[in-house]
Amino acid sequence: MAGRILLVAWILMLLALAPGVAIADEAPIVRPMKGLADEGTFTYLREGEHAGSSTFLWNEDGSFESSSVIGNEEWSASTTTRIEVDEAGVWTVATVESHQGLLVMERKGANAELRYGAEEKKTFPLTPGTVIFEDMSPALMRLAVQVYDAEAGGKQRVPVLFVPLATVQASLERIEKLQQDVAGETLTFRKYRYVLPPFYPVVFTVNEADQVCTAVYPLQNTIFVRSGYEALLPVAGEAKRRPGGPAPVKVKPVPGED
């Protein structure tokens, strides 16, 4: 949670310092969200302990909604994220409602307009190829995989819109392809490293449909794991193991593939 607050403060500071310049009012090449229907629930773990959950619904038309709750016996915080899309499945309005208030991001051509409570509106240009990300909605990392050039491989740049804050230049790298037994069946997964400036490395795994199954935030020592894929927890990797916790298991790399 502290990392999220720092990220919000950092991006809002950039917006405050940035000039209110908008580029030509043309539709940017924004990754459509249409045709990726999915739904599920992620459990949120901090230092190996249950600390919340996030439930999402990704409709066939591309619209998206997620509701998350994190906390402990003394406090809790909820966040609701909604993304509306046009007929092509390209986002038009994105909102995040939390204890900090309501933030609204509206796309107007090649620009995005941010409104936060009674604060002054901020307008900034969108980078062509932008994908959406919200850190309590790990399912959205799938969009970055959709634009990743699997044949080229390696580390690739991805412009990312932090809903509903600002755009940043992130990088995505496929780490490995692996197999793991889940519910008695051997399934194939791919693991990626997603680096979101200024301090947000995320390591996540996807199944063969590119649906996100786990997401590890190593600096925060937190993990999202999708319901039904708990067997992947030991192989999620890169989060610190709490004292006395289960040791990582050996996964089965797929020969000849990264």
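Numerical summary
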{"item": "Conditions (1) under 17 Å from the mean Cα position of the chain (by Cα); (2) buried (at least 22 other Cβ atoms within 10 Å of the Cβ); (3) not hydroxyl-bearing (S, T, Y): number failed by V145", "result": "(2)"}
{"item": "Pair list, Cβ under 7 Å, 6 or more apart: segment 173-189 residue surrounded by fewer than 12 Cβ atoms within 10 Å (Cβ to Cβ), other residue assigned to a strand (DSSP E or B) and not charged (D, E, K, R)", "result": "T186/Q179"}
{"item": "Qualifying positions in segment 140-172 - in contact (Cβ under 8 Å) with a residue 12 or more places away in the chain and either in a loop (DSSP other than H, G, I, E, B) or of a type in the set (S, T, N, Q) (or both)", "result": "Q146, Y148, A150, G153, G154, Q156, V163, P164, L165, T167, Q169, S171"}
{"item": "Qualifying position, being β-branched (V, I, T), in contact with a strand residue (DSSP E or B) (Cβ under 7 Å, 6 or more places away or on another chain) and on the phi < 0 side of the Ramachandran plot, among V69, V90", "result": "V69"}
{"item": "Which numbered condition H50 misses (of (1) outside any strand (DSSP E or B); (2) free of Cβ contacts under 8 Å to residues at least 12 places away in the same chain; (3) of a type outside the set (G, A, S))", "result": "(1)"}
{"item": "Pair list, Cβ under 7 Å, 6 or more apart: segment 29-41 residue outside any loop (DSSP other than H, G, I, E, B), other residue surrounded by 15 or more Cβ atoms within 10 Å (Cβ to Cβ) and of a type in the set (K, R)", "result": "G40/R226"}
{"item": "Selected residue (only one of V93, V104 is in contact (Cβ under 8 Å) with a residue 60 or more places away in the chain, within 17 Å of V160 (Cα to Cα), β-branched (V, I, T) and out of contact with any helix residue (DSSP H, G or I) (no Cβ under 7 Å at 6 or more places or on another chain))", "result": "V104"}
{"item": "Filter pass, E113 being in contact with a Lys or Arg (Cβ under 9 Å, 6 or more places away or on another chain) and under 24 Å from S68 (Cβ atoms)", "result": "no"}
{"item": "Conditions (1) touching a Pro at 6+ places or on another chain (Cβ under 8 Å); (2) exposed (fewer than 14 other Cβ atoms within 10 Å of the Cβ); (3) part of a strand (DSSP E or B); number of the one not met by P128", "result": "(3)"}
{"item": "Scan of segment 42-52 for residues that are at pLDDT 90 or above and either touching a His at 6+ places or on another chain (Cβ under 8 Å) or surrounded by 16 or more Cβ atoms within 10 Å (Cβ to Cβ) (or both), ordered by number", "result": "F42, T43, Y44, L45, R46, A51, G52"}
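The values are calculated or read from the model by the stated rules, or taken from the named source; none is laboratory data. Given the structure is predicted, the values throughout are model-derived calculations rather than measurements. Every residue, glycine among them, receives a Cβ derived from its backbone with ideal geometry; neighbour counts consider all protein chains shown.
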